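The structure under discussion appears below in the form of structure tokens.
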Amino acid sequence: MITKNEISLDCVDVMFEITRFCNMTCPHCIRGDSQRLRIKKDYINATLEQFENIGTIMFTGGEPALAVDLINYTREACQHYNIEVMNFWMATNGTVATPKFFSVISNWVNYCSDNEISGLRVSLDEYHDKIDNQYKFEEFIEYNLPDDTGIEIYLELDGAPHREFLIGDGRAVDNYYTTRKVEHGIHLQDNGSIEGSLYINAKGFVLTTCDISYETSDMKNSDFVICHCTDNIQEKLVEFFNKHPELIYAN
């Protein structure tokens, strides 16, 4: 059995499901049908106030670029709580390429203390409609970050995996035959640090994986739900790992 003192939240990776609204209906989507739901600012605050530093902060959805105000609010909240964030990362379908969007991304990159793995991924794959904005993302990466920062972030122009690697959840269940199941995405390392990302969904639940549908992630009794963000996350992680000793590397 492990105790609270044996789990460290230092430099943990945090992923926010910032919105469930999406302007595409991709057949492979593990989330399921789009919902007009955005994460509450109270849930962002309740999560962040439990951390002193974050390894990589990530935003997902839905289409996260449709909620740039909340992405920007999260940075302001990190400043308010004096949280060091080392890296920023986001995947987008590329349909939103406005000056406001790029300004918010630039501000995030400038806020991060490391940026070794900071980046954007634009989903250009067999499942998504083609977009005309690819060049805007390429120009942003090459030209739009302040010249005097020396900051470089990477750009991925790809997206979902090939069909044989799709996970059988959400819309993919009806549109593709796949036997791949959802698995826990976090482990407890020997030094007490968390490997993998803590996923905060739009309803404030803290999950062990992002590869999950809205329906499954909203089930309070789901084995993938650790707690609610208003709970003490560190204490609930103790309960989770004691329930799942196979996810503790020391074992």
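Nothing in this text is a laboratory measurement; each read-out follows from the coordinates by a stated rule. Since the structure is predicted, the reported quantities are computational estimates derived from the model, not experimental observations. Heads up, the Cβs are rebuilt from the backbone with ideal geometry, glycines too, and the neighbour counts pull from every protein chain shown.
Odds and ends about this structure:
- Gain in span if fully extended, THR25 to SER8, counting 0.36 nm per residue against the direct Cα distance: 2.2 nm
- Ranked packing of 199-209, 109-119, most packed first, by mean Cβ within 10 Å: 199-209, 109-119
- Reduced Cα scattering model of segment 9-231, Debye log10 I(q)/I(0), q = 0.08, 0.17 Å⁻¹: -0.27, -1.33
- Helical content alone sets the calculated 222 nm signal of the chain at -6500 deg cm²/dmol, taking -39,500 (n - 2.57) per DSSP H segment of four or more residues and averaging over every residue.
- Counted by Cβ distance under 12 Å from GLU84, the other residues give a net charge of -3, where Lys and Arg count +1 and Asp and Glu count -1.
- Pairs of lysine residues in the chain that meet both criteria, 8 or more places apart or on different chains and Cα atoms under 24 Å apart, total 21.
- About the centre of its Cα atoms, the chain shows a dipole size close to 940 debye [charges on the beta carbon of Lys, Arg (+1) and Asp, Glu (-1) only; nearest 20 debye].
- Spatial offset of segment 1-46 relative to segment 216-248 amounts to 14 Å, using the alpha carbon center of each.
- Cut-off 15 Å, label 7 Å out along Cα→Cβ of ASN242, residues of segment 208-227 by amide N: none
- Think of the chain as having a plus end and a minus end, set by charges on the Cβ of Lys, Arg, Asp and Glu; of PHE59, LEU120, ASN191, PHE59 sits farthest toward the positive end of this dipole.
- With contacts taken as Cα pairs under 8 Å at a separation of at least 6 residues, segment 151-233 carries a relative contact order of 20 percent.
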